[in-house]
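Worksheet: the structure to be examined is printed underneath.
The values are calculated or read from the model by the stated rules, or taken from the named source; none is laboratory data. Small disclaimer: the values here were computed from a predicted structure and weren't measured. Cβ: placed from backbone, ideal geometry, glycine included. Neighbour counts: every protein chain shown.
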Amino acid sequence: MKKRIYWVLLLLSAVGVLCASALTLAVTSQRSMRQAEQYINDLAQSISQSYDYVDEASYEKILQGLPDIVRVTFITSDGTVLYDSNAEASKMENHLDRPEIQQAIHDGFGEDIRNSSTTDSSSYYYALRLSDGNVLRLAQQYSSIRSMMLTSVPGIVVVMVILFGMALLLSHWLTKWMMKPVERAVRALDQAGVNADSYAELKPFFSHIQAQDQEIHTQKEILEQEREILGIITNNMREGLLLVSKDKNVVSVNPSAIHMLAGRVADPSEFIGKNYLIVNRTQELHDCVTTALSGASLNDDFTMHGRVYHIYASPMLRLGEVDGAVVIVLDETQQRMAERSRQEFSANVSHELKTPLTSISGYAEMMENGMVASMDDIRKFSGSIHKESLRLIALIDDIIRLSRIEEEVKEPQSLEPVELDDLCEAVMESLEPVAKKAEVSLHLETCPAVLLGEDGMLSELVYNLCENAIKYNHPNGNVWLSLSQDEKEITIKVKDDGIGIPEESRLRVFERFYRVDKSHSKQIGGTGLGLSIVKHVVEYHHGRVELDSGLGVGTEIRVFLPKVIE
């Protein structure tokens with residue numbers, strides 16, 4: 001503002017000086033021209049008075065003695081030029097058509113201002129009729145007048161420079177004088193209030209400014225708090241958030257979006273203000289952003305680094321116009337896997353339940369229709385129905401146990417100290433009849449070991465491992481259960497010298513309902529959920545499981561459980 005006032009005052013002063021100088025030159029020029037015209041008129045009157053008293057030769061000498069700036073022409077009444085001070089008279093054209101000559105012949109004198117064809121300049125002509133009818137004409141070029149005026153220009157320029165210097169100083173002083181009260185009042189805004197005695201006229205203005213300043217300060221604090229809260233929310237979101245401006249540059253991006261779209265950890269400032277394609281160049285993201293910037297919403301899936309992501313893109317509107325795009329990215333890998341697992345589980349459960357139910361229904365139908373007559377056949381069919389019913393009950397029990405374990409994995413219960421050595425001894429004791437029936441020897445090697453965990457689930461884990469080792473063994477086989485520990489974890493190892501597991505099946509034995517040899521498994525029973533239950537129990541206790549096996553050699557499964565679950 002101060003500079004603006006200063007330059008406005010300086011400009012006005014300069015314009016005033018220039019206008020005054022131009023006006024002075026114009027007035028002086030006009031006055032000089034009037035004086036020159038009067039001089040020519042007086043000179044012509046003076047010369048005409050001596051015309052009647054001298055002869056032609058003497059009069060010509062008088063004309064020749066006039067100043068060089070004055071052009072003299074002596075013309076007869078018929079327009080013939082007898083004498084001209086600037087040209088040879090005999091070569092000049094007839095001047096009867098000149099306005100000043102015609103006016104002089106008619107009225108006694110005449111004047112005119114025009115460009116001379118001879119001198120090619122603007123001149124003032126004054127003609128005077130003499131006593132014998134001839135015409136005396138005097139002329140002076142305005143260029144001569146202007147040349148005289150130019151002699152006064154240096155003086156005018158000096159005056160202009162002096163006036164401009166004075167205007168410079170005056171503008172500087174006026175600016176300081178005008179701004180002094182305002183500057184003092186502005187400084188007072190940071191203090192308790194404005195001095196009303198000194199600036200009564202400015203008090204309402206600055207009071208309003210103070211109120212607005214306080215309101216702006218308050219709103220700024222609120223905005224900063226909201227911005228901080230919004231930053232905390234977006235930075236801790238599991239969902240990816242990407243804001244793109246209408247010129248396709250990144251306005252905001254949170255760490256989750258960077259991790260999912262760029263596949264790495266980076267500072268969001270690395271992407272701000274740059275084209276959104278620097279974050280991710282997949283066609284799906286490009287299509288979603290382009291559609292959103294055109295005013296429509298779009299969602300799509302894409303796979304990156306083995307994970308499945310879902311993109312939601314919507315236009316960001318401001319005053320009814322598209323001002324950018326909002327992109328939400330969700331990691332749906334676990335959801336898709338869970339959905340696929342549920343579908344597989346449903347299909348497997350349906351199949352596993354249908355098999356014994358089909359058998360039970362078939363046997364019952366045959367008995368109902370009287371197709372079974374002898375008591376031996378009735379007992380045989382009843383036994384088959386009982387066997388399939390037991391298989392169905394075992395399958396349902398395993399499904400219920402697996403569901404319970406999965407629920408506990410999602411919502412962990414309170415853990416308690418479990419003495420694993422006592423737990424292993426109890427499991428081996430409960431399996432002794434099963435092992436004796438299968439002609440398998442059990443061997444136990446333990447050490448005192450206490451684990452913070454869930455007693456029932458750990459019992460289920462050890463029982464299933466040992467039961468599988470017995471089932472998939474051969475007569476006179478062996479099953480070894482050992483327990484060991486170090487500073488960080490406890491190891492449960494179950495080993496057998498049974499039929500073993502083919503290499504192509506080792507990665508799938510922990511899947512639900514998976515059986516290595518379905519025909520053999522059907523003969524020895526089982527639901528195919530034992531090792532799947534083991535896997536979920538290990539995950540619940542944040543452990544890990546390893547398997548080594550070979551056909552005809554046997555199988556060894558090692559479970560590592562941390563002593564402290566973090």
I'd like the full set of residues that are surrounded by fewer than 18 Cβ atoms within 10 Å (Cβ to Cβ) and within 56 Å of the chain's Cα centre (by Cα), limited to region 451-479. Leu452, Asp455, Gly456
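Within region 171-187, is even one residue at pLDDT 75 or above and small (Gly, Ala, Ser)?
No, the conditions are met nowhere in region 171-187.
When you go through Ile258, Ile229 one by one, which is the residue that is assigned to a helix (DSSP H, G or I), of a type in the set (Val, Ile, Thr) and outside the structural domain of Tyr309 (by TED's automatic domain parsing)?
Every option except Ile229 fails the conditions.
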Check region 215-232 and report whether any residue there is of a type in the set (A, V, I, L, M), within 25 Å of Arg318 (Cα to Cα) and buried (at least 17 other Cβ atoms within 10 Å of the Cβ). no
Verdict on Arg391 being of a type in the set (D, E, K, R), within 25 Å of Ile490 (Cβ to Cβ), modelled with pLDDT under 75 and outside the structural domain of Ile492 (by TED's automatic domain parsing): no
Within region 313-353, residues being of a type in the set (D, E, K, R) and modelled with pLDDT under 65 number 3
Would you pick out the residues in region 68-94 that are touching a Lys or Arg at 6+ places or on another chain (Cβ under 9 Å) and either in contact (Cβ under 8 Å) with a residue 40 or more places away in the chain or not assigned by TED's automatic domain parsing to the domain that holds Gly133 (or both)? Arg71, Val72, Thr73, Phe74, Ile75, Ser77
Which of the numbered conditions does Glu321 fail, given that it passes all the others? Conditions: (1) loosely packed, with under 13 Cβ neighbours inside 10 Å; (2) touching a residue at least 24 places away in the same chain (Cβ under 8 Å); (3) among the acidic types (Asp, Glu). (2)
Quick check on Ser484: is it touching a helix residue (DSSP H, G or I) at 6+ places or on another chain (Cβ under 9 Å), modelled with pLDDT of 90 or more and of a type in the set (S, T, N, Q)? no
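Yes/no per residue for (1) loosely packed, with under 13 Cβ neighbours inside 10 Å; (2) in a helix (DSSP H, G or I); (3) charged (D, E, K, R):
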{"position": "Val15", "(1), (2), (3)": "yes, yes, no"}
{"position": "Leu25", "(1), (2), (3)": "no, yes, no"}
{"position": "Ser32", "(1), (2), (3)": "no, yes, no"}
{"position": "Ala36", "(1), (2), (3)": "no, yes, no"}
{"position": "Ala44", "(1), (2), (3)": "no, yes, no"}
{"position": "Asp52", "(1), (2), (3)": "yes, no, yes"}
{"position": "Ile62", "(1), (2), (3)": "no, yes, no"}
{"position": "Phe74", "(1), (2), (3)": "no, no, no"}
{"position": "Ser90", "(1), (2), (3)": "yes, yes, no"}
Note down all Cβ pairs under 8 Å where the first residue falls in region 471-486 and is farther than 26 Å from Val418 by Cβ, the second is of a type in the set (S, T, N, Q), and they're at least six residues apart or on different chains. Tyr472/Thr555; Asn476/Ser441; Gly477/Ser441; Asn478/Ser441
Could you tell me whether region 267-280 includes any residue that is outside any helix (DSSP H, G or I) and either touching a residue at least 60 places away in the same chain (Cβ under 8 Å) or over 16 Å from the mean Cα position of the chain (by Cα) (or both)? no
Would you please list the contacts, defined by Cβ atoms under 8 Å and residues six or more apart or on different chains, that run from a residue in region 1-19 that is at pLDDT below 70 to a residue that is surrounded by 16 or more Cβ atoms within 10 Å (Cβ to Cβ) and of a type in the set (Ser, Thr, Tyr)? Lys2/Thr175; Ile5/Thr175; Tyr6/Ser171; Tyr6/Thr175; Leu9/Ser171; Leu9/Thr175; Leu10/Ser171
Among residues belonging to region 76-88 that are in a loop (DSSP other than H, G, I, E, B) and among the acidic types (Asp, Glu), point out the one that is modelled with the lowest pLDDT. Glu88
Taking only region 237-259 into account, find how many residues are in contact with a helix residue (DSSP H, G or I) (Cβ under 7 Å, 6 or more places away or on another chain), buried (at least 18 other Cβ atoms within 10 Å of the Cβ), of a type outside the set (A, V, I, L, M) and over 14 Å from Ser269 (Cβ atoms). 1
In region 482-504, anything part of a strand (DSSP E or B) and under 24 Å from Val440 (Cα atoms) is listed as Ser482, Leu483, Ser484, Thr491, Ile492, Lys493, Val494, Lys495, Asp496
So for region 435-447 (the condition being at pLDDT below 90, touching a helix residue (DSSP H, G or I) at 6+ places or on another chain (Cβ under 8 Å) and either within 21 Å of Arg544 (Cα to Cα) or not assigned by TED's automatic domain parsing to the domain that holds Gly543 (or both)), does at least one residue qualify? yes
Filter result (part of a helix (DSSP H, G or I), under 15 Å from Ile490 (Cβ atoms) and of a type in the set (Asp, Glu)) within region 452-472: Asp455
